[in-house]
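Notes follow once the structure below has been shown.
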Amino acid sequence: MHQVLDCTISDLELTKCTAHFVPENDVYYFRDAELMETFLKLGIPVYNREELHASFPGFGLMYRTLYMTWKIPEDAYVVLLQQRQLDRISDEQRLQLFRQQVALKRGHVYDERWIEAFAPPVRHIVTVENQRYYLLTTDDWQLFSEETRQQWVLKWLKEWNKDDPRGIRNFSRKHASVPYALLDVYASTFAGESGPNCFAAAIAAVVAGIGQDLEQSQTLIRHWLHQAPFFRLLSAQGYTKYTECQTTADLQSMQPADVLVWCTGEGEAGHAAFVVDDGLVFQKHGQGIEDPWQVLRIEDIWYNEYLKTDGHIAIYRRCS
């Protein structure tokens, strides 16, 4: 087991994470018209942000946070390159491309502190405003030892989560409908791949709590579960909407084994969590490798921002 702040990641999950940490092709953002013309003449496709997601639907799931895909400007373009393709453009164009990765705030760009800690190859280092940056590539990732790759991932996870709420480890175990066996396995741990999300975590806790079916719950919790399948499963387990709350202060009526669903002002479900105890819920913030399963205080849930824009929290409760 490896420690990441207040969470852990197992040897198996860390190995899986390092295997998927960098995609098969390197990703570059740019605005330069000359670069666009060069890539197209070389027979290399160029995409805008919407075209990237439409052409590679799994890319956003796996690499949204690692490459900060939500920061791609609408007027910027994206190109996927192998090292041999990158080597075909001029030194001047390559330098310009590297500088734009810093300017456009692409992920997998690391500053001087990181360079000093890991001593990566110099061929993908660029200086911008007297600051050196390193662009992690697929070829370089394969050159690192497995130990270095693991240390890199662990450091990245710590950096990404350093300002996030810390999970609660000590809570009462007095509620028969709360699946403590499931929480003992998953709370304050990381998955080794992107996909498992909040809806899967919430319904897995429901199934484990009702039937104490740990095996099926562990299958469920690994799903990338969308809203419609989630609500079908929730209904089949005997849950119906009990009430809606406009503020976290209104949640005094919630009780252990309830399921909370955060909804936007348009009524779209955006997040779900399972109530563990007074003021505590089991959840997974998102679907990325950076998002651990946690037991958190209700006031620390990020999706409470929905309540500031006419959203609400729906409480679902199992019919007795």
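When the helices (runs of 4 or more DSSP H) confined to the stretch 103-182 are screened for residues that are open to solvent by less than 10 Å² (accessible area, probe 1.4 Å) and closer than 19 Å to Lys71 by Cβ, none reaches at least 2 such residues. Selection of strands (runs of 3 or more DSSP E) fully inside the stretch 1-85 by the criterion of at least 2 residues being among the β-branched types (Val, Ile, Thr) and open to solvent by less than 10 Å² (accessible area, probe 1.4 Å) returns 77-81.
Scanning for something assigned to a strand (DSSP E or B), at pLDDT 90 or above, open to solvent by less than 20 Å² (accessible area, probe 1.4 Å) and among the hydrophobic types (A, V, I, L, M, F, W, C), does the stretch 297-310 turn up at least one residue? Looking for residues that are assigned to a strand (DSSP E or B), at pLDDT 90 or above, open to solvent by less than 20 Å² (accessible area, probe 1.4 Å) and among the hydrophobic types (A, V, I, L, M, F, W, C), one finds none in the stretch 297-310, hence no.
Note on the stretch 250-270: residues that are more than 15 Å from Ile203 (Cα to Cα) and either open to solvent by 60 Å² or more (accessible area, probe 1.4 Å) or more than 24 Å from the chain's Cα centre (by Cα) (or both) amount to 8. Looking only at the stretch 69-121, residues that are among the basic types (Lys, Arg) and either modelled with pLDDT of 95 or more or under 11 Å from Leu135 (Cβ atoms) (or both) come to 3 in all.
Looking for whichever is of a type outside the set (S, T, N, Q) and free of Cβ contacts under 8 Å to residues at least 60 places away in the same chain here; the options are Arg166, Arg173. Which one fits? Exactly one of Arg166, Arg173 is of a type outside the set (S, T, N, Q) and free of Cβ contacts under 8 Å to residues at least 60 places away in the same chain, namely Arg173. On the given criteria, is Gly238 of a type outside the set (A, V, I, L, M, F, W, C) and either within 21 Å of Asn170 (Cα to Cα) or more than 19 Å from the chain's Cα centre (by Cα) (or both)? Spelling it out, Gly238 is indeed of a type outside the set (A, V, I, L, M, F, W, C) and either within 21 Å of Asn170 (Cα to Cα) or more than 19 Å from the chain's Cα centre (by Cα) (or both). The single condition from (1) buried (at least 19 other Cβ atoms within 10 Å of the Cβ); (2) out of contact with any strand residue (DSSP E or B) (no Cβ under 8 Å at 6 or more places or on another chain) that Asn197 fails is (2). Taking the criterion of being out of contact with any helix residue (DSSP H, G or I) (no Cβ under 7 Å at 6 or more places or on another chain) and at pLDDT below 95, the residues of the stretch 264-279 that qualify are Glu266, Gly267, Glu268, Asp277, Asp278. For Thr247, the requirement of being more than 25 Å from the chain's Cα centre (by Cα), within 30 Å of Thr309 (Cβ to Cβ) and modelled with pLDDT of 95 or more is not met. Out of Ile203, Ile221, one residue alone is open to solvent by less than 20 Å² (accessible area, probe 1.4 Å) and more than 17 Å from Asp291 (Cα to Cα). It is Ile203.
The values are calculated or read from the model by the stated rules, or taken from the named source; none is laboratory data. From a predicted model like this one, the values you see are computed outputs, not experimental measurements. No Cβ is skipped: glycine too gets one built from the backbone with ideal geometry, and neighbour counts run over all protein chains shown. For the accessible areas, the whole protein counts, side chains as well, though only heavy atoms, and no ligand, DNA or RNA atoms are used. Shrake-Rupley method; radii C 1.70, N 1.55, O 1.52, S 1.80 Å.
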